[in-house]
Each structure stands twice: as C-alpha cells, then as structure tokens.
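Written out below as structure tokens is the structure these notes cover.
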Amino acid sequence: MTKTSNYNVAVGMIVALGSFSYGFGFATFATSIGQPGFYTYFNLDPTTPYTNSILGAVNALFFFGACVGALGAGPLSDHIGRRWTILAAALVALIGGALAAGSVHIAMLIVVRILQGCGLGALATLTPVYLVEASTKEKRGMLTGLHGFFLVSGYNISAWVGYGAFFSKNLTFGWRGPIAFTCIPCLMLAIGCIWIPESPRYLLMKDRSDEAWRNVQRLHHDPADPTDSAAHEEFAQMRAQIAFERTQPSGYWAILTTKSYRKRAFLSCFVQLAANNTGGLVINYYSVIIYGYLGLTGSMPLLMYAIYTLIGALGNLCGLLTVDKTGRRFALLTGFTGCLVALIIEIAMLAEYVLVPVPDLAGAKVAIFAIMFFVFFYGFFIDAASFIYSSEIYPTNIRASGMALATFTYFAACITYVTPGAVAVATIEWRYFVIFACLTLVSIVVIYFFYPETNQKSLEELAAYFGETVVDDTFEKAEEREKGAVEYTETVG
C-alpha cells in the first residue's frame, strides 16, 4: 500500500487554499447584502424589485467570470502546468478582490466581481485536479476532499467575518472589510505556490519522468519502506498508462468527439449539476433573506448563516474522513436523499406555517431546522464526494479540460438558479424549492443506475470502466524492481 506522507497532506492543504479562496470570495457577497451600510452606500432600497435585479446581476456576472476562468484554466494548465496556473489564478483573484473592496459605484462592483470570479473559478477548477493527481488511491478521497472542506470553511469564516462586521460603527467597513479580507487567502496561496511541487502526472504527460519520480518519491515516501518499493510500483503503473494516454487526443474537442470521453464528461458534469439541483447555492446565497422571512431580524440572519456554514464545514470534514471507507456511490445517494427529505420538510413548513397571513412560530423553527438538516447532508455526503468523482473519473490527458467542463457546468447552474433567486424567493416563495425537490429526485435515480464505484481504484485502473486500454505494466514493474531502485536513486542523487 502506497503511503500518504505528512508532506503530501501539507502540500494538499496549501493547494486547498485555492478552494478556501473561492469559498470565502463567493460567500462574502452573501454577507454583504445583509449589511445595512451596503444598501446605504449604493443608494439601494432592499425592498424593491430593482435592488433584487441588481443583486441578481452582481451574482450572475460573478459566475460568468467563474465560467470564463474555469474554461481557460483547463487548457492553460495543460500548457504551463498545474502549479503555475494556480499561481496565476490566485493573483487574478487577489487583484479582483482588492478592486471589489474599493468599489465606489455599483457598476464598478459588478465589473470587478467578474475579474474576481475569473480567478476564483480557475482555482475551483484546478484545486481538485491537483489534489487528485498528487494523491494515492488509498487516500484519494481524503486528500481530494480537502477541496470541499476548505471551500465550505471559506463560507464559514466569511460568515463569521460578516457577522462581526455587522456591529462595526463604520457602516461602509461593514461591507468593504469582508470583501477586502478575500485577498488574504489568495496571497497565502500565491506564496505557497513557491514551495509546492508540480503534479507528477502532469510531468509524465510532458515526458519529464525523472522530475515526476522525484515528486512521487517526496509525496509518497514511507519511512518504513526505505527502498520506496510501493512508490516504485505506483509510479510504474502511472508511467505506463500515461505513456499510452499521451498518444491519445486531448482538449475539449477530443472530449466531445470520443465516445468514452463523452461518458466520463457526462458523469463528471452531471454530478456538479445535481449538486446545484438541490438548491443548496440558492439557500446559501440568499439565506439572510430567507431567515428574514422566517421572522429573524437584526444580526440574527447573519448569525444563523454562520451556524449554517459551520455545520456544512463540519460535515465536509466528516465526509473527507469517511469517503474512502464508504465509497462515492453511498455518499452521493445518501446525501441527495437526505437533501430531498429536508427540502420536503422546508416546503411544507413555508407553505403551511410561515408564508401565511398569521405565521406560526413553531413552524418557523421547524423550517430553520430543515435548513440545518439540509446542509448537514449536503456537506457530509455531497460536497466532498461530488468534486472527488468529477476530477478522478478522467484520464490525465483530458483531466484538466474535463474538470473545467464540470466546474463550468457548476457555475452555469449557479447562474441559472442564483440569478433569479432573490426575485423568485420574494415572489413565488416556497414554490421555487419545489423545482429543486423534483430535480433532486431525478438526480438520485440517475446516480443509482449510471454511476460506477471508483473507490480504491487507481486513476489509471478506471479506464476499464469505459472500455479503454489499461496498460499491462507487469513486465515494466518487474524490470523496475530489479534495476529501477538503483536507477532512480542515482537520478535523485
């Protein structure tokens, strides 16, 4: 069994700052619209349809930028590498966050949020790609699950920052301060990129096998295995399979025109669409507004949002620690089923006890419980597993482009559901969530019948699920056992 070293985990946590940056940057605007100073500074009335349209536009254009960043990050990372593309994306997000914090007009805020979204969208795409390529098959779920945990932790820290900023006597700082803080994790990631190694699988795609071996040896070194025999076997399979994959077509056109690649892309993209089909992003983004409908006022909506995201972050932590034991299918099916139950309870409470002429306090409490119940199942079972599945299902030659399509699908669904969210929640109310309940039921059926289990399989072994060639590397392994240890030791030395 190949060792997941402490160094491997440390590198994973540095790279996962990209996920934290996205979560923090995305969620900050959700707390900004809960700050009275935001509406005062931009001369907006929070009760008017015009303001709801402005909020929808800011959200939509942020996700438009994220779509552009995702689609650009895939090919760029295949050209210059995962590490350098992550660095470039962090710098773009850093500049976008700084300009957003300094916005003097709502139009400026809208434009610079596009730039920020571009950088953050690229980070959300490449973080799971790097993590899955740097992990062992035994702990791939745990290491790649850092993406979901750090992302939702970004939501949570942003929520607590927003809650604290609510009490600032400087109303402008109440919304500018949290947006400015989004620059900090981007800067930390940019500095961290100085020390992280390049993805060994990317290096093999570029036929830089010596450098790839050095990185594998550092990432998966086991003190109990002084000759690194397990790492040698892993590397042998990796090198043999990727040598074959280098000869195969790559890029977006290859994905669209190759049958087995299209199947992989469907599985990868649909699970991202399914995650949004639950309505989780709508609840997350407009939760401060929803809590207002449930009778909470003042700082209470922001406090409840902070608790909501804390439950999601803790759920993600539990998910990354268990997904390698339970498997991806179990996690996804359990998560979507739990979210469906929570949505049904929420819809019933809103329709019968909350959004009525005389609201019922007990019904409002059950509705709040349903929201927390929802995020527990979403965080524990869907967040980590969905991104793990989307990134691990591809071969190395199309992984970055394939994951770019998956995150593009995710962001496009965000535009579809979040943009009209403020207006929909204010007008058709609970009926908007009926749509998500129906879509979630469809997702459960699709995942049950069409999704194979990928747990405890190496990335190279997954090719068999799609009728593709799995290189028989038995001879190569034997040859490397005899002379490879000396050869690689001399190379490293």
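Here are the numbers:
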item: Residue-averaged 222 nm ellipticity for the chain, from DSSP H runs of 4+ at -39500 (n - 2.57), nearest 500; result: -24000 deg cm²/dmol
item: Principal axis dimensions, largest first and in whole angstrom, of region 172-237 by Cα; result: 59, 30, 18
item: Equivalent ellipsoid dimensions for region 246-394 as semi-axes, Å, which come from the Cα gyration tensor, largest first; result: 36, 16, 13
item: Inter-site label distance for Leu361 and Cys438 at 7 Å from Cα along Cβ, in nm; result: 3.7 nm
item: Positive-end extreme of charge dipole, the chain - chosen from Thr409, Ser135, Ile368 (charges on Cβ); result: Ile368
item: Rounded tilt (10° steps) of 361-377 against the dominant C-alpha axis of the chain; result: 10 degrees
item: Positive minus negative residues near Cys193 (Lys, Arg vs Asp, Glu; Cβ under 15 Å); result: +1
item: Rounded tilt (10° steps) of 49-80 against the dominant C-alpha axis of the chain; result: 10 degrees
item: q = 0.13 Å⁻¹, region 24-149: log10 I(q)/I(0) [Debye, one scatterer per Cα]; result: -0.59
item: Semi-axis lengths, Å, region 39-96, gyration tensor of Cα atoms, sqrt of 5 times eigenvalues; result: 35, 12, 5
item: Whole-Hz ³J(HN,Hα) from phi, Karplus 6.51 cos²θ - 1.76 cosθ + 1.60, for region 146-161, glycine and proline x; result: 4, 4, x, 5, 5, 4, 6, 5, x, 4, 5, 5, 4, 5, 5, 4
item: Rg [Å, one decimal], Dmax [Å, integer] - region 86-212, C-alpha atoms; result: 17.5, 59
item: Charge context of Tyr353, other residues only, Cβ under 15 angstrom, K/R +1, D/E -1; result: -3
item: Reduced Cα scattering model of region 276-353, Debye log10 I(q)/I(0), q = 0.11, 0.16, 0.24, 0.25 Å⁻¹; result: -0.37, -0.73, -1.24, -1.28
item: Contour excess over end-to-end distance, with Cα ends at Ala254 and Glu461 and 0.36 nm allotted per residue; result: 72.5 nm
item: Accessible area (Å², 1.4 Å probe, nearest 10) - His147; result: 0 Å²
item: Crossing angle, helix 106-133 versus the chain [Cα axis fit, 0-90 degrees, rounded to tens]; result: 30 degrees
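The values are calculated or read from the model by the stated rules, or taken from the named source; none is laboratory data. These numbers come from a predicted model, not from an experiment. All Cβ positions, even for glycine, are placed from backbone atoms using ideal geometry, and neighbour counts span all protein chains on display. Side chains are part of the model used for accessible areas, which takes the heavy atoms of the whole protein and leaves out ligands, DNA and RNA. Shrake-Rupley method; radii C 1.70, N 1.55, O 1.52, S 1.80 Å.
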